[in-house]
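Novice: Structure provided below as structure tokens; questions to follow.
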Amino acid sequence: MTGGQAPDKPQTPWGITRQVVAEGVSQVVVVSDEPGRYPPGTPWAEGVTIRDRGELDAVQRELRVVGGVTVLLYDQTCAAEKRRRRKRGTFPSPPRRVFINEAVCEGCGDCGVVSNCVAIKPLETAFGRKREIDQSSCNKDFSCVEGFCPSFVTVHGAEPRKPAAARAAGADALAGALRDLPEPAAAVGSDYNILVTGIGGTGVVTIGALLGMAAHLSRMGVSVLDQTGLAQKNGAVTSHVRVAATPDALHGTRIPAASADLVIGCDMVVAAGQEALALYREGRTRAVVNDHVTPLASFAIMPDQPQDARPLIDTVRRAVGRDAADFVAAGRLAEALMGDAIFTNPFLLGYACQKGLLPFGRDALERAIRLNGVSVAANLEAFGWGRVTAHAPERVLAVATPAARPAARLPEMLEEIVAHRRAHLTAYQNARYAARYEKLVRRVAEAEARVAPGHDELARAVAASYARLLAYKDEYEVARLYSLPAFRERLAATFETPQRLTVHLAPPILSRPDPATGVAGKREFGPWMFTAFRVLAKFKALRGTPFDPFGRSADRRLERRLIADYEALAERMLRELTAGNRDIFAALLSLPERIRGYGHVKERHVAEAEERRKELLAELDRKARPVLRAAESA
């Protein structure tokens, strides 16, 4: 059941198995995230087997060849429901968290493919887009660690760190700011329509309920209509709140077209969607929108999906009018101030209240928050910070800005890219290796300058892609990246002091491939592995030599072949480059940017890049034929 609804009558997994077997099912298999929780003597139907959820694919393959009707019973509490209950203290919370070492991550997105988890977010770095875990929305399902990547670390005995700036500011700073605030006015009008937009699991329905209760406490008529749809899959959620002087004045619970007076956009993507836009009208609708773009669920299978907020901002402003929309950094500020982005929505509610955009007063909303009875103090604090942001944003920024993580400085100019990658390759191997890189890039830049003065697109493509191929992440490099101080610094900035770290790896000599998929299973290694990393990193000089114990593996042979092929293609480009084929060569020499991941994931991307390479080479040959014929005629 989605959304935690109660079934019509009590059901147990064993009762369901007995029922379906009595109805003639030939075989039943129960798959669970905790198969060991069923004690001996559990009254399963005869012949039922219990398997771990990690065997789900194997179980499906087994059942598809069994004659007759079979039943696969998946027994696990909904991950979003677990998080909801944990907030209420009615469900145990595992004392561990998942963390991604961004330096080791390749940005392939396999973790999102295997888990379909919305807590996996894009992280823009100087080496391109990577992944990070949003600790505020993590359901502690842990299926993401099965992504075929050595960047996943489990942090035991630690909780996300509340930003130091927010702790230092404390309640006194907020109390002082609130004392200086004028009492917000209430919006005027005989009826008022409020649309709340967001995504599942973030408290959109709660905001609708708070608005409804505040209206009720103000002795007004109110109706609240929630449309949740695929909320549990990061889908759109909207709440239609209609307020009038008396209940008799309300006709219909859904806001009519072009009749919204206020939009509280907890998620910008939903606020700019077609269904929401149909309710806006310029001259009537005001909008208060969180300016953070939450990745769509499709980001799990489209790792390069754009995350640009500008088109969404422009869409909302066109619909309501440029001066009628306020875009607020509610998500970033709530996390910086409160330590958890889950307080984004009450933050926006406070902002809208202080702006005088709600038809009832502040006192009614605060009473509604208290009556809700969940995280009352924290929600009131977020509500208060939202009010302060609406009136005196500089006071909020003075507290929140120091806690925010500085954005990565992305090298864009050719010289910046070359300098950045040269330093990286020197640390990766040595100065001679970096000089090999820089020599080829300089030759490409000179050739491009001859055929297209003032342009360096081709050279920049080579500067980024050639470095990616040269700095392939073998055993030595993964060990080195885990040994860098930056890894521990990121951990310390994200969590309170962890008691224990473990890392999830699939070393070829220890991991047996799954007989059905051929993919090696990952294993969890304890803290001793980080000592082993420091030792292994010191042997990077063996890379590529006859003494390299890892050098003869299929992965390492593939990576050396990719480098040789790239250098051969670059030499061809240097011989044949013209103004007419520069764009094709740029596309060809950018293909390594598509090659990401480890093991079978990387092999799949290599195969896709090879197909594209063949297409581009064929196009290059077609362009070359008229030139050759003209030369022959001359």
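The values are calculated or read from the model by the stated rules, or taken from the named source; none is laboratory data. Source: prediction; values computed, not measured. In this analysis, Cβ positions are derived from the backbone assuming ideal geometry, glycine residues included, and neighbour counts consider all displayed protein chains. Heads up: the accessible areas ignore ligands, DNA and RNA and are worked out on the full protein's heavy atoms, side chains in. Shrake-Rupley method; radii C 1.70, N 1.55, O 1.52, S 1.80 Å.
Novice: Mean residue ellipticity at 222 nm from the helices of the chain, using -39,500 (n - 2.57) per DSSP H segment of n ≥ 4 over the full residue count, to the nearest 500 deg cm²/dmol? Please report the intermediate quantities before stating the final value.
Specialist: Values: 23 runs with 283 residues, N = 634.
That calculation yields -14000 deg cm²/dmol at 222 nm.
Novice: Just to be sure I understand: if I project the alpha-carbon convex hull of the range 180-289 onto a plane and average over all orientations, what area do I get in nm²?
Specialist: On the way: hull surface 30.1 nm².
The directionally averaged projection comes out at 7.5 nm².
Novice: Please list 3J(HN,Hα) in residue order for the range 542-555, calculated via the Karplus relation 6.51 cos²θ - 1.76 cosθ + 1.60 where θ = phi - 60°; whole Hz, with x for glycine and proline.
Specialist: Once rounded to whole Hz, the list reads 6, 4, x, 9, x, 8, 6, x, 9, x, 9, 5, 4, 5.
Novice: Which of the aspartates and glutamates could a cross-linker span from K538 if the Cα-Cα distance has to be under 16 Å and same-chain partners fewer than 8 positions apart are dropped?
Specialist: Within the straight-line limit of under 16 Å, K538 reaches these aspartates and glutamates: D474, E475, E477, D548.
Novice: Further, regarding this structure: Tabulate in residue order the Karplus-calculated ³J(HN,Hα) for the range 257-274, using 6.51 cos²θ - 1.76 cosθ + 1.60 with θ = phi - 60°, rounded to whole Hz; enter x for Gly and Pro.
Specialist: Computed from phi, the couplings for the range 257-274 are 4, 6, 10, 6, 8, 9, 10, 9, x, 5, 10, 5, 4, 5, 5, 9, x, 4 Hz.
Novice: What number comes out for the charge environment of G54, summing +1 per Lys or Arg and -1 per Asp or Glu over other residues with Cβ under 11 Å away? Write down the numbers at each step before the final one.
Specialist: On the way: positive: R51, R53, K522; negative: D33, D52, E55, D57, E146, D514.
Taking every other residue near G54 into account, the sum is -3.
Novice: Calculate the FRET efficiency for A58 and T12 from the Cβ-Cβ distance with a Förster distance of 22 Å, rounded to the nearest 0.05.
Specialist: On the way: r = 25 Å, r/R0 = 1.14.
With a Förster radius of 22 Å, E is 0.30.
Novice: A further question on this structure: Could you tell me the center-to-center distance, by alpha carbons, between the range 549-567 and the range 71-146 in angstrom?
Specialist: Each part's Cα centre sits 32 Å from the other's.
Novice: Return the FRET efficiency for the residue pair R575, D291: r is the Cβ-Cβ distance, R0 is 45 Å, and the value is rounded to the nearest 0.05. Display every interim value, and only then the final one.
Specialist: Working: r = 49 Å, r/R0 = 1.10.
Efficiency, rounded to the nearest 0.05: 0.35.
Novice: Still on this structure, I have one more. Using the alpha-carbon atoms, what tilt in degrees (0 to 90, nearest 10) does helix 204-217 show relative to the longest principal axis of the chain?
Specialist: The two axes meet at around 20 degrees.
Novice: Now for a different question. Of V535, A586, L569, which is farthest along the charge dipole of the range 509-611 in the positive direction, counting Lys and Arg as +1 and Asp and Glu as -1 at C-beta?
Specialist: Most positive-ward Cα: V535.
Novice: Nearest-5 percent of antiparallel DSSP beta bridges in the chain? Could you put the intermediate results ahead of the total?
Specialist: Working: 36 of 58 bridges.
Rounded to the nearest five, the antiparallel share is 60 percent.
Novice: Placing +1 at every Lys and Arg Cβ and -1 at every Asp and Glu Cβ, with all other atoms neutral, what dipole size does the chain have around its Cα centre, in debye to the nearest 20? The partial results should precede the final answer.
Specialist: Details: 86 positive and 74 negative charges, 243 e Å.
Roughly 1160 debye for the chain.
Novice: Still on this structure, please answer the following. Tilt of helix 79-88 relative to the longest C-alpha principal axis of the chain, in degrees (0 to 90, nearest 10)?
Specialist: Relative to the chain, helix 79-88 is tipped by roughly 50 degrees.
Novice: Quick one: check the C-alpha center-to-center distance for the range 248-280 versus the range 316-362, whole angstrom.
Specialist: Using only Cα atoms, the two centres lie 16 Å from each other.
Novice: Moving to a separate point now. For the range 518-634, what does the convex hull of the Cα positions come to per residue, in cubic angstrom? Show your work: numbers first, answer last.
Specialist: Details: hull volume 17.7 nm³, N = 117.
In the range 518-634, the Cα hull volume divided by residue count equals 151 Å³.
Novice: Moving to a separate point now. Mind checking the per residue accessible area of the chain for me, 1.4 Å probe, whole number of Å²? Please list the in-between numbers first.
Specialist: On the way: 30830 Å² over 634 residues.
Accessible area per residue, the chain: 49 Å².
Novice: Right, something else. Determine ³J(HN,Hα), in whole Hz, for all residues of the range 500-513 in sequence, where each value follows from phi through the Karplus function 6.51 cos²θ - 1.76 cosθ + 1.60 and θ = phi - 60°; x replaces Gly and Pro.
Specialist: Computed from phi, the couplings for the range 500-513 are 7, 10, 10, 10, 9, 9, 10, x, x, 6, 10, 9, 8, x Hz.
Novice: Once you keep just the Cα pairs under 8 angstrom separated by 6 or more residues, what percentage relative contact order results for the chain?
Specialist: With pairs under 8 Å counted, the relative contact order is 13 percent.
Novice: Moving on to the next point. With angles folded into 0 to 90 degrees, how steeply does helix 164-179 sit against the dominant principal axis of the chain? Use alpha carbons for both and round to 10.
Specialist: 30 degrees
Novice: Among 369-376, 355-362, how do they line up from the highest to the lowest mean number of other beta-carbon atoms within 10 Å? Present the calculation step by step, with values, prior to reporting the outcome.
Specialist: Details: 369-376: 14.5, 355-362: 21.2.
Ranking the peptides 369-376, 355-362 by packing returns 355-362, 369-376.
Novice: Amide H to amide H, which residues 5 or more places from E159 or on other chains are under 5 Å from it, using H placed in the peptide plane?
Specialist: Amide H neighbours of E159, under 5 Å, 5+ apart: E496.
Novice: Of all chymotrypsin sites (Phe, Trp or Tyr not before Pro) in the range 90-196, which ones are in loop regions per DSSP and have a Cβ with at most 13 other Cβ atoms within 10 Å? The partial results should precede the final answer.
Specialist: On the way: sites: F99, F127, F142, F148, F152, Y192; in loops: F127, F142, F148.
Counting only loop positions with at most 13 other Cβ atoms within 10 Å, none of the chymotrypsin sites (Phe, Trp or Tyr not before Pro) in the range 90-196 qualifies.
Novice: Exactly which chymotrypsin sites (Phe, Trp or Tyr not before Pro) in the range 527-597 are in a DSSP loop and have at most 12 other Cβ atoms within 10 Å?
Specialist: Details: sites: W528, F530, F533, F539, F547, F550, Y566, F585; in loops: F539, F547, F550.
Taking the range 527-597 and a limit of 12 other Cβ atoms within 10 Å, the loop chymotrypsin sites (Phe, Trp or Tyr not before Pro) found are F547.
Novice: Give me the one-decimal Kirkwood hydrodynamic radius in Å for the chain, with the sum taken over alpha-carbon pairs.
Specialist: Numbers: mean 1/r = 0.0355 Å⁻¹.
For the chain, the Kirkwood estimate is 28.2 Å.
Novice: Would you kindly state how much longer the chain becomes between Y38 and R281 on full extension, computed as 0.36 nm times their sequence separation minus their alpha carbon distance, in nm to one decimal?
Specialist: Working: separation 243, 0.36 × 243 = 87.48 nm, distance 5.67 nm.
Taking Y38 through R281 to full extension adds about 81.8 nm, to one decimal.
Novice: Quick one: divide the alpha-carbon radius of gyration of the range 57-99 by 2.2 N^0.38 Å and tell me what you get.
Specialist: Working: Rg = 16.7 Å, N = 43, 2.2 N^0.38 = 9.2 Å.
With N residues counted in the range 57-99, Rg over 2.2 N^0.38 Å equals 1.81.
Novice: Let me ask something else. Report, ordered by chain and residue number, the lysines lying within cross-link reach of K162, taken as a straight Cα distance under 18 Å and ignoring same-chain residues fewer than 8 apart.
Specialist: K87
Novice: Something else now. Sort 480-492, 279-291 by the packing proxy (mean of other Cβ within 10 Å over each peptide's residues), most packed first.
Specialist: Values: 480-492: 16.0, 279-291: 20.2.
Final packing ranking: 279-291, 480-492.
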